[in-house]
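Q: A single structure is presented below for examination.
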Amino acid sequence: MSFINRTILITGGNSGIGLALAEALQSKGNRIIVTGRKQESLQAVLDRNSDMVGYQLDVTDDAALAAFPAKVISDHPELDTVILNAGIMEGEDYTASSVTVDVANRTIATNLTAPIAMAAAFLPHLQSRPKSALITVSSGLAFVPKAANPVYSATKAAIHSWTQAVRHQLRGTSVAVHEIAPPLVATELTPGQSKIEAAMSLQEFTDEVVGIMSRDQVPGEILVSRVSFQRNAEAEHRYEAAFTAING
């Protein structure tokens, strides 16, 4: 099932990878719905893309998150694809004299709890559609973690595991379950990340992902070639070398 001429919701579609995918998938004839936590940046996206529809949503706001799926389904009953992209990445230092779990709690709420809740709310509708898809966004760090971002890496490993299990549960239904696992991409997910020389360009990443999504048969794991360094590290018996390369 290719992602052409579909109605697609992308959470966190107002910046970074989410925005790049939204604009690229729209160019393929898809109808795009995006969410953004900040109204200003969301409105800027909508001003630039008049055919897009947008909703302000903070996925850590429990009341807003609970009300959102029903609103979207009511407004867009033709919705057949949900891409759970919204996420945050913050550093943590467990060697500090005083360690708090504020970052951990915020990261788990945004990167793990919210996408699971969103999937649970949308899946009954997606199963009512003749062909539909649920897509999670994990990370290459799901497979080889970055020590400076331990909870971020852990949430992405959890999303990878969760996606595999849900894909198995939904086999034989109308819902295809996919996972996008980006490598380090030149976005501002973390301050200065877009300037890192080793980062994959956002355009290159988006082109490769959308190329895979445009195939007649889309694999369960939508992986650009760059991320194989992390995805296959353990299977190829080079995990320690990959961990050292990422963490120094």
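Throughout, read-outs are computed from the coordinates displayed, never taken from laboratory work. Predicted, not measured: the structure shown is a model, and the values here were computed from it. So basically every Cβ, Gly included, is an ideal-geometry build from the backbone, and we count neighbours across all protein chains shown.
Q: Among the residues of the range 185-195, is any among the acidic types (Asp, Glu) and in contact (Cβ under 8 Å) with a residue 60 or more places away in the chain?
A: The first filter runs over the range 185-195 and keeps only residues among the acidic types (Asp, Glu), leaving 188.
Those still in the list that are in contact (Cβ under 8 Å) with a residue 60 or more places away in the chain too: 188.
Looking through the range 185-195, at least one residue is among the acidic types (Asp, Glu) and in contact (Cβ under 8 Å) with a residue 60 or more places away in the chain.
Q: Is it true that LEU123 is among the aliphatic types (A, V, I, L, M), surrounded by fewer than 18 Cβ atoms within 10 Å (Cβ to Cβ) and touching a strand residue (DSSP E or B) at 6+ places or on another chain (Cβ under 8 Å)?
A: On the way: among the aliphatic types (A, V, I, L, M): yes; surrounded by fewer than 18 Cβ atoms within 10 Å (Cβ to Cβ): no; touching a strand residue (DSSP E or B) at 6+ places or on another chain (Cβ under 8 Å): yes.
Taking the combined requirement at face value, the residue does not satisfy it.
Q: How many residues does the range 125-159 contain that are under 20 Å from SER2 (Cα atoms) and touching a Leu at 6+ places or on another chain (Cβ under 9 Å)?
A: Residues that pass the stated criteria total 10.
Q: What residue, of ASP216, ASP207, is touching a residue at least 40 places away in the same chain (Cβ under 8 Å), farther than 19 Å from ALA120 by Cα, loosely packed, with under 12 Cβ neighbours inside 10 Å and of a type outside the set (Lys, Arg)? Lay out the reasoning, then the answer.
A: Details: ASP207 fails: loosely packed, with under 12 Cβ neighbours inside 10 Å.
Answer to the check: ASP216.
Q: May I ask you to say which residue of PRO219, PRO183 is of a type outside the set (Phe, Trp, Tyr) and under 27 Å from SER128 (Cβ atoms)? Write out each step before concluding.
A: Values: PRO183 fails: under 27 Å from SER128 (Cβ atoms).
Residue meeting the stated conditions: PRO219.
Q: ASP75 - would you say it is of a type in the set (D, E, K, R), under 30 Å from SER2 (Cα atoms) and in contact with a Lys or Arg (Cβ under 7 Å, 6 or more places away or on another chain)?
A: Taking the combined requirement at face value, the residue does not satisfy it.
Q: Yes or no: LYS146 in contact with a helix residue (DSSP H, G or I) (Cβ under 7 Å, 6 or more places away or on another chain), closer than 24 Å to ASP102 by Cα and surrounded by fewer than 21 Cβ atoms within 10 Å (Cβ to Cβ)? If you could, list the steps in order and put the result at the bottom.
A: Values: in contact with a helix residue (DSSP H, G or I) (Cβ under 7 Å, 6 or more places away or on another chain): yes; closer than 24 Å to ASP102 by Cα: yes; surrounded by fewer than 21 Cβ atoms within 10 Å (Cβ to Cβ): yes.
Yes.
Q: I'm trying to understand the selection: among the residues of the range 80-110, which are in contact with a strand residue (DSSP E or B) (Cβ under 9 Å, 6 or more places away or on another chain) and over 22 Å from LEU126 (Cα atoms)? Spell out how you get there, then give the answer.
A: Residues of the range 80-110 in contact with a strand residue (DSSP E or B) (Cβ under 9 Å, 6 or more places away or on another chain): 80-87.
Passing the criteria: only GLY87.
Q: Right, something else. If you go through the range 160-177 one residue at a time, do you hit one that is closer than 24 Å to PHE3 by Cα, of a type outside the set (A, V, I, L, M) and in contact (Cβ under 8 Å) with a residue 60 or more places away in the chain? Break it down into steps so the answer makes sense when it comes.
A: Just the residues of the range 160-177 that are closer than 24 Å to PHE3 by Cα, to begin with: 160-177.
Among the residues that remain, those that are also of a type outside the set (A, V, I, L, M) are: 160-164, 167-169, 171-174.
Filter again for in contact (Cβ under 8 Å) with a residue 60 or more places away in the chain, leaving none.
No, the range 160-177 contains no residue that is closer than 24 Å to PHE3 by Cα, of a type outside the set (A, V, I, L, M) and in contact (Cβ under 8 Å) with a residue 60 or more places away in the chain.
Q: Another question about this same structure. Being within 20 Å of ARG106 (Cβ to Cβ) and buried (at least 17 other Cβ atoms within 10 Å of the Cβ) is the requirement here; does GLY18 meet it? Before the answer, list the steps.
A: Values: within 20 Å of ARG106 (Cβ to Cβ): yes; buried (at least 17 other Cβ atoms within 10 Å of the Cβ): yes.
The answer is yes for GLY18.
Q: Looking at this structure, is THR107 over 18 Å from ILE32 (Cβ atoms), hydroxyl-bearing (Ser, Thr, Tyr) and surrounded by 21 or more Cβ atoms within 10 Å (Cβ to Cβ)?
A: Criteria met by THR107.
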